[in-house]
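Here the structure is laid out as structure tokens; the discussion comes afterwards.
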Amino acid sequence: MYRDPRETRRAFFNYSFRYDAQELGVPTKVFREALSAELGLPFEASYQPLTNCSLYRPLTKRRYALSAEHLEKINPQRFVLPVCNTVYESTSVVFHHKFLMGSKSDMEEIALACRKVIANKDELRT
């Protein structure tokens, strides 16, 4: 695809799964980091909630300053998103979909790495 030189950030499709740190005994951030180290692929949190997303800052755009009332209506800070915050902070593990486009053995390697991280959780720094 053509990439406009003015584009400073890119969006991709991701594969995401829910992670339960309580059940598995490894903090989510530590699990993501260990999985990334094990496979050499980036495993991250889901997208930031829109109330704190660096790509969504409507109040910084002059074109949206139609009126004070309009600015208040589009202000993302007027929303409280506890579920989105929980997903972002502690229950999501996300990686780029292109890593799922390999062979079946590639998929099995991802699953094996997840099991290995959990099996060796006592050796991880938390």
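Rule-based calculations on the coordinates, nothing more; no lab input. These numbers were taken from a predicted model, which means no experiment stands behind them. In this analysis, Cβ positions are derived from the backbone assuming ideal geometry, glycine residues included, and neighbour counts consider all displayed protein chains.
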The chain, helix-only ellipticity at 222 nm - DSSP H runs n ≥ 4, -39,500 (n - 2.57), divided by all residues, nearest 500: -10000 deg cm²/dmol
With Cα atoms, 0 to 90° folded angle of helix 28-39 axis to the chain main axis: 60 degrees
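What does the charge count near Tyr88 come to, summing +1 for each Lys or Arg and -1 for each Asp or Glu among other residues with Cβ under 13 Å from its Cβ? Walk me through the numbers on the way to the answer.
Numbers: positive: Arg18, Lys29, Arg32; negative: Glu44, Glu89.
That sum, taken over residues with Cβ under 13 Å, equals +1.
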Dipole of the chain, positive direction: furthest Cα of Phe99, Asn75, Ile110, with charges on the beta-carbon: Asn75
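With a cut-off of at most 15 other beta carbons within 10 Å, and DSSP calling the residue loop, which trypsin sites (Lys or Arg not before Pro) in segment 1-93 qualify? Please list them.
On the way: sites: Arg3, Arg6, Arg9, Arg10, Arg18, Lys29, Arg32, Lys61, Arg62, Arg63, Lys73, Arg78; in loops: Arg3, Arg6, Arg9, Arg10, Lys61.
The qualifying sites are Arg3, Arg6, Arg9, Arg10, Lys61.
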For Asp20, Asp4, order by how many other beta-carbon atoms lie within 10 Å, fewest first: Asp4, Asp20
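Quick one: Cα convex hull volume of segment 14-121, Å³ per residue?
Working: hull volume 12.2 nm³, N = 108.
With only Cα atoms used, segment 14-121 gives 113 Å³ per residue.
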Options Thr86, Ala119, Gly25, ranked by Cα towards positive dipole end of the chain, top entry (Cβ charges): Thr86
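Report the net charge of residues surrounding Pro58, where surrounding means a beta-carbon distance below 15 angstrom and charges are Lys +1, Arg +1, Asp -1, Glu -1.
On the way: positive: Arg57, Lys61, Arg62, Arg63, Lys73, Arg78; negative: Glu69, Glu72.
That works out to +4.
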